[in-house]
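First up is the structure itself, then whatever we jot down about it.
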Amino acid sequence: MMRLFNIRKIYCLSLVFVGLLLGNCSQKKEEKKEKLEVKPEFKTELAMPDFSIASVDDSFNIASKNFNKEGLLLLKYFSPDCDHCQEEAEIYFSKRDSLKNIKTVWISGDWAKLDLVNEFKVKYKLEQLNLIAIGKENGNALLSHFKIEGVPFAAIYKENQLLKKYRGEIDFDELIKINDGDFDFSTTNSNVEDE
């Protein structure tokens, strides 16, 4: 009987010990997970520049400082009469379900007529693309900042940090990877420097 009592005692102590050991292991896993989720340092030079656009919806000026910059945001610089820009708008619309996590701001140069920008918005159904705003730039802050020499041009941001610039057409396979969180961010530094 004494032997049975000792076996039960050893068994109970063993269960307590294993429980403590497993609890300690899961706590260490949580600590490791927290360490992996540390946000990278914010770099001012990679932040979105200040600019404003005249919105097609009511010609109201919208300042970039008022955009929701959390998550992914694509600045798309275009011209309503540019064939490549029109084709890219069609492709973007066709892939919209794969790009749901990306907010968009479509911006034409200050040379464009606002009614043509609005026609572009309607024709290519841009209001269905997680659209923050569409209009024409007031001045040329973006042209100067990005040294834009032609359209189409795009810049993708995550948490207000520039990830990638597209001079010319967007690589949609890459943009979908960015949308899905599968983009290799270790390559971004070379992609954001001036070409």
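Assorted remarks:
- The residues of region 56-74 that are under 19 Å from residue 125 (Cβ atoms) and either surrounded by 17 or more Cβ atoms within 10 Å (Cβ to Cβ) or of a type in the set (Ser, Thr, Tyr) (or both), listed by number, are 56, 74.
- A count restricted to region 76-95 and to residues that are under 16 Å from residue 128 (Cα atoms) and either loosely packed, with under 15 Cβ neighbours inside 10 Å or not basic (Lys, Arg) (or both) stands at 8.
- As a summary of the residue check, residue 144 satisfies the conditions (1) buried (at least 20 other Cβ atoms within 10 Å of the Cβ); (2) over 20 Å from the mean Cα position of the chain (by Cα) except for the one numbered (1).
- Residues in region 76-107 that are within 20 Å of residue 64 (Cβ to Cβ) and touching a Phe, Trp or Tyr at 6+ places or on another chain (Cβ under 6 Å): 76, 77, 107.
- The residues of region 132-174 that are among the basic types (Lys, Arg) and touching a residue at least 40 places away in the same chain (Cβ under 8 Å), listed by number, are 136, 147, 158.
Readers should treat all values here as calculations from the given coordinates under stated rules, not as data from a laboratory. Everything numeric in this text was worked out from a predicted model, so none of it was measured. Neighbour counts are summed over all protein chains in view; Cβ atoms, including those assigned to glycine, are modelled from backbone coordinates with ideal geometry.
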